[in-house]
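S.K.: Here it is, the structure, as structure tokens.
Read-outs: derived from the displayed coordinates by stated rules, not from any lab. Values in this document were obtained by computation on a predicted structure and should not be read as measured data. Cβ placement follows ideal geometry from the backbone for every residue including glycine, while neighbour counts extend to all protein chains displayed.
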């Protein structure tokens, strides 16, 4: 690995802080510092862990170019900052999510260009259009919706959704800003020979995440069972059969580690990165796992109405990233849920203000 100084934007968030800490643990001679505006709940908890692992911290906001212009020189930016909710901008002006996720990306790219740095950008599976995903053929079982193997659209089938899936259509303001950021990154690659990579991540989970309704669903589900707080099955008939694949944050780091040590892939290419079909779960199945692990049952209310940004099934086809880098996820959903449960139990009084409501 040729990188010596790494900046992690959104570095006090769940993913950013975990990647920063794992980098310091794996490469003790690597200088790592995190930039964050500390606006998300739980940031102060992550900040303590960053300090404990000798990760530097800069209080700044990617929406403000001046906060990026005076940074120490770096040769790699891992761009984890984002407004992460797919519902952002749906009930009012989308200006906030656009400013954070697109204008913020432009500011980050300018800072990276000025510093002569490479960029690893964490994008999302939500770049794929909602109507196309929800038009896919599926079968309903007792516990989940299952994608049929044969589909009319390219890039969809028994292995999930691949990079060749069509991109025409609406995808939410969140998804749009991420897809537009991807396009902007590729222009920087073309115009300035900037080394860059894009990971379109599925649902990321693991210890350290402050789950809420629109982000961090696995932690939310475990926490609600541990603290005895009711839940809701929202959309698609209110049965909890919608499905997502789940990527443990340590599996994501294992991929990032391989990418940092594989110079040939830094050409702006995009990878779908997720738990895959073998590491997916419906909300119904997640509930059963939580009941088994916690010994608790909470009230779950059905809300049949489906929001316009909701997707019935998304499972990642990891074929491309496995072919190029030999990577595949190792943590099963049950193991991830168990880790999160143990993390919450061991810090119950500390986490109750964040997760117990």
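S.K.: Quick one: work out the % antiparallel among DSSP beta bridges in the chain, nearest 5. Don't skip to the end; give the middle numbers.
M.R.: Working: 9 of 46 bridges.
If I count the DSSP bridges inside the chain, around 20 percent turn out antiparallel.
S.K.: A further question follows. Of all beta bridges DSSP finds with both residues in the range 212-315, what is the antiparallel percent, to the nearest 5?
M.R.: Details: 4 of 10 bridges.
Beta bridges within the range 212-315, antiparallel portion: roughly 40 percent.
S.K.: Among 328-339, 51-62, 343-354, 118-129, how do they line up by average Cβ neighbours within 10 Å per residue, starting with the highest?
M.R.: On the way: 328-339: 18.3, 51-62: 16.5, 343-354: 14.2, 118-129: 23.6.
The most tightly packed comes first, giving 118-129, 328-339, 51-62, 343-354.
S.K.: Just need the relative contact order of the chain here, percent rounded to a whole number, with Cα pairs under 8 Å and 6+ apart.
M.R.: Numbers: 743 pairs, mean separation 62.2, N = 357.
Rounded, it is 17 percent for the chain.
S.K.: Moving on. What value, in deg cm²/dmol to 500, does the helix sum -39500 (n - 2.57) over DSSP H runs of n ≥ 4 give at 222 nm once divided by the residues of the chain?
M.R.: Working: 13 runs with 133 residues, N = 357.
It lands at -11000 deg cm²/dmol.
S.K.: Here's something else I'd like to know. Just the number: Rg to Rh for the range 245-357, Cα atoms, Kirkwood Rh, two decimals.
M.R.: Looking at the range 245-357, the ratio lands at 1.04.
S.K.: Based on alpha-carbon centroids, what's the gap between the range 106-174 and the range 1-65 in Å, whole number please?
M.R.: 27
S.K.: Please compute the alpha carbon radius of gyration of the range 98-188, then divide it by the globular-protein estimate 2.2 N^0.38 Å. Two decimals is fine.
M.R.: Numbers: Rg = 16.6 Å, N = 91, 2.2 N^0.38 = 12.2 Å.
For the range 98-188, the normalised Cα radius of gyration comes out at 1.36.
S.K.: If you don't mind, there's one more thing I want to ask. Report the Stokes-Einstein translational diffusion coefficient (µm² s⁻¹, integer) for the range 1-160, Rh taken as the Kirkwood radius over Cα pairs, at 20 °C with viscosity 1.002 mPa s.
M.R.: Working: Rh = 17.7 Å.
Once the numbers are plugged in, D ends up at 121 µm²/s.
S.K.: So for the range 1-157: antiparallel DSSP bridges make up what percent, rounded to the nearest 5? Can you show the working numbers first?
M.R.: Details: 3 of 20 bridges.
About 15 percent, rounded to the nearest 5.
S.K.: If I fit a long axis through the Cα atoms of helix 173-192 and take the longest principal axis of the Cα atoms of the chain, what angle between them do I get, 0 to 90°, rounded to 10?
M.R.: Between helix and principal axis, roughly 30 degrees.
S.K.: Would you compute the Debye intensity of the range 112-267 from its alpha-carbon atoms alone, equal scatterers and no solvent, and pass along log10 I(q)/I(0) at q = 0.10, 0.12 Å⁻¹ to two decimals?
M.R.: Results for the range 112-267 at q = 0.10, 0.12 Å⁻¹ read -0.48, -0.68.
S.K.: How far, in degrees from 0 to 90, does helix 283-294 lean away from the longest principal axis of the Cα atoms of the chain, to the nearest 10?
M.R.: 90
S.K.: While we're here: Work out, in µm²/s and without decimals, the Stokes-Einstein translational diffusion coefficient of the range 255-307 at 25 °C, 0.890 mPa s, Rh from Kirkwood over C-alpha pairs. Working shown, then result.
M.R.: Numbers: Rh = 15.3 Å.
In µm²/s, the coefficient is 160.
S.K.: Okay, next question. Helix 333-346 versus the longest principal axis of the chain: what angle, 0 to 90°, nearest 10, using Cα atoms?
M.R.: That works out to roughly 80 degrees.
S.K.: Now for a different question. So what's the convex hull volume per residue for the Cα atoms of the chain, in Å³?
M.R.: Taking only Cα atoms, the chain has a hull volume of 128 Å³ per residue.
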